[in-house]
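I have placed the structure first, in the form of structure tokens, so that the comments after it can refer back to it.
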Amino acid sequence: MRTDLIPALDPAPVPGPPALLVVLWIVTFFLHLLAVNAALGGAIFAVLLPPSMPGAARRAVALFLAEINSWALSLAITFAIAPLLFMQVLYGRFFYTASVLIAPVWLGLLLLLMLAYYLNWLAKFRLRADKGATSALALSALFYLAIAAIQTSVHLISVEPSLWSAFLGHPSLVLSDPTFVPRFLHFVLAAVTMAAILPAAFPGTLADAAPGAARYGLRVALVATAAQFVAGLWLVSALPKPVLMGLLTGGIANLAPLGLGILVGVALLGLLVRAIGAPGNVRLARVALGHFAAAALFMIVTRHQVRDLYLAGARATERLEVASQWGVLALFLLVFVACAGLTVWALVRAVTDRPGPGEAAA
């Protein structure tokens, strides 16, 4: 494997124990991913609403999803900062090189993000005025899917430094990677699953549209979850043999997160089947949403382990110098917990504090 394209290790010492930084990356990336799923999945689910749904109900559900999208994307961007910083410390020379190799596309991601965001707001205002917003919603979903494809591409390039010389001349080669399509589908299907459960879990603003939206959403979530098992099996089988063998023979530390994620996913399937039979059972839908979040957390751990297996050869001689800055880490944790708590409080208020009769929505 060529190593001359891999930047030298940053001589600055790591500001904390690498294991602690990995845990912090997992936690912060998990919160970021929940917001991403709400935005991406909500945009796709809004397009998937069936034409057979009455017009008023369809607009109500689409508006519900557009309102979620308007704050979910803001949270996704805000909560991306912390995991990006931990990524920079732990894998910066791989991640940033990958982004440079497809720089025009990577920079184009920002344009796509802005377009998707403003299209969502356009759809939101049109839906509030009882107008159609199909085109705006469809374009927004398309741009989100393009962003997901770019993120998938950068991740795959970052973990395959042996192919950087090929990617330098032909960046589109990443699309032919055997794991690209299943990895992309696994991510997108997870987002659809989460968004499709939301109408059943938080039906307060849907009024008369709630029962139909909940029932349809739970069915979509069931299909998407089942499809995730197919995409997940495809992804695992498409992994390079050394990576797959490392995952399967890595002992309990590697197999436990993967196994627990699968078991929680199976439990989620059962909960969704039960919830479809009782679409008005908000508690059951929220339990299903909790199971989804748990499965996502376990899969994030597995994703991290697979990345380490990919990069094992490139990092074989890597020796990180550690100079722990406990005061800085403590300040970060304090601010992070405070901001996360404030976010949860704001979301709870947004769900519970609804306009009274005759009051206009904010």
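The values are calculated or read from the model by the stated rules, or taken from the named source; none is laboratory data. All of these numbers come straight from a predicted model, not from anything done at the bench. When we count neighbours, we look across all protein chains shown, and the Cβ atoms used for this are built from the backbone with ideal geometry, even at glycine. Keep in mind that these areas ignore ligands, DNA and RNA; they rest on the heavy atoms of the full protein, side chains included. Shrake-Rupley method; radii C 1.70, N 1.55, O 1.52, S 1.80 Å.
On each of the three principal axes of the Cα atoms of region 1-80, give max minus min coordinate, whole Å, ordered largest first.
Per principal axis, max minus min of the Cα coordinates gives 61, 30, 17 Å.
Taking the chain as a Gaussian network, where each spring joins two C-alpha atoms under 10 Å apart, which residue of Ala190, Ala256, Ala330 fluctuates the most?
The residue that fluctuates most here is Ala330.
Students sometimes get this wrong: rank Trp164, Trp71, Trp326 by accessible area, probe 1.4 Å, all chains present, largest first.
On the way: Trp164 5, Trp71 105, Trp326 145 Å².
The ordering from most to least exposed comes out as Trp326, Trp71, Trp164.
Work out the length of the dipole vector of region 85-213 about its Cα centre, built from +1 on the beta-carbon of each Lys and Arg and -1 on the beta-carbon of each Asp and Glu, and round it to the nearest 20 debye.
Numbers: 6 positive and 4 negative charges, 53 e Å.
Roughly 260 debye for region 85-213.
Quick one: ranking Met299, Met53 by accessible area, 1.4 Å probe, largest first, what do you get?
Details: Met299 60, Met53 25 Å².
Ranked from most to least accessible, the order is Met299, Met53.
Just from its helices, what would the mean residue ellipticity at 222 nm be for the chain, if runs of 4 or more DSSP H residues each count -39500 (n - 2.57) and the sum is divided by every residue, rounded to the nearest 500 deg cm²/dmol?
Values: 12 runs with 274 residues, N = 362.
After summing the helix terms and dividing by residue count, I get -26500 deg cm²/dmol.
Once you keep just the Cα pairs under 8 angstrom separated by 6 or more residues, what percentage relative contact order results for region 104-146?
Computed over region 104-146, the figure is 45 percent.
Can you send over the carbon and sulfur percentage of the accessible area for region 257-362, probe radius 1.4 Å, protein chains only?
Whole-percent figure for carbon plus sulfur exposure: 70.
Shape verdict for region 237-362, please, from the Cα gyration tensor: rounded (a/c under 1.5), prolate (a/b greater than b/c) or oblate.
Numbers: a/c = 3.53, a/b = 1.42, b/c = 2.49.
Oblate shape, in that a/c is at least 1.5 and b/c is the bigger or equal ratio.
Leaving ligands, DNA and RNA out of it, work out the accessible area of Trp106 with a 1.4 Å probe and give it in Å² to the nearest 10.
Probe radius 1.4 Å; accessible area of Trp106 about 60 Å².
Of Phe184, Val105, Pro13, which is farthest along the charge dipole of the chain in the positive direction, counting Lys and Arg as +1 and Asp and Glu as -1 at C-beta?
Result: Phe184, furthest along the dipole toward the positive end.
Counting Lys and Arg as +1 and Asp and Glu as -1, each charge on the Cβ, what is the dipole of the chain about the Cα centre in debye, to the nearest 20?
Numbers: 21 positive and 12 negative charges, 156 e Å.
Value, rounded to 20: 760 debye.
Is the C-alpha gyration tensor of region 115-231 telling us rounded, prolate or oblate? Criteria: a/c under 1.5 is rounded; beyond that, a/b larger than b/c is prolate, otherwise oblate.
Numbers: a/c = 3.90, a/b = 1.78, b/c = 2.19.
Verdict is oblate for region 115-231.
What's the carbon and sulfur percent of region 57-210's accessible surface, probe 1.4 angstrom, rounded to a whole number? Don't skip to the end; give the middle numbers.
Numbers: 4660 of 6390 Å².
Answer for region 57-210: carbon and sulfur cover 73 percent of the accessible area.
Roll a 1.4 Å probe over the protein heavy atoms and report the accessible area of Asp10 in Å², nearest 10.
Ignoring ligands and nucleic acids, Asp10 comes out at about 100 Å².
Please compute the Cα-Cα pair-distance distribution of region 168-248 with 10 Å bins starting at 0, giving whole percents from short to long.
18, 32, 25, 16, 9, 1
Quick one: net charge around Leu239, please, counting Lys, Arg +1 and Asp, Glu -1 for every other residue with C-beta under 11 Å from its C-beta. All intermediate terms of the calculation are to be shown ahead of the outcome.
Numbers: positive: Arg183, Lys241; negative: Asp177.
Neighbour charge sum, excluding Leu239 itself: +1.
Could you sort Lys124, Lys131 by accessible area so the largest value comes first, with the probe set to 1.4 Å? Before the final figure, lay out each step's value.
Numbers: Lys124 20, Lys131 105 Å².
Result, largest first: Lys131, Lys124.
Relative contact order, percent, of the chain when contacts are C-alpha pairs under 8 Å separated by at least 6 residues? The partial results should precede the final answer.
Details: 425 pairs, mean separation 77.1, N = 362.
Result for the chain is 21 percent.
In whole percent, what relative contact order does region 11-118 give with Cα contacts below 8 Å and a gap of six or more residues? Please report the intermediate quantities before stating the final value.
On the way: 65 pairs, mean separation 39.8, N = 108.
Value for region 11-118: 37 percent.
Excluding ligands and nucleic acids, what accessible area in Å² is computed for Thr317 using a 1.4 Å probe, to the nearest 10?
120 Å²
Find the centroid of the Cα atoms in region 272-303 and in region 146-215, then give the distance between the two in whole Å.
If you average the Cα positions of each part, the centres end up 18 Å apart.
Stretched out fully, how many nm does the piece from Val351 to Ala312 gain, at 0.36 nm a residue minus the Cα gap? Provide the component values of the computation, followed by the final result.
Working: separation 39, 0.36 × 39 = 14.04 nm, distance 4.51 nm.
Once the chain is fully extended between Val351 and Ala312, it gains 9.5 nm.
Roughly how many Å² is the accessible area per residue of region 169-273, as a whole number, for a 1.4 Å probe?
44 Å²
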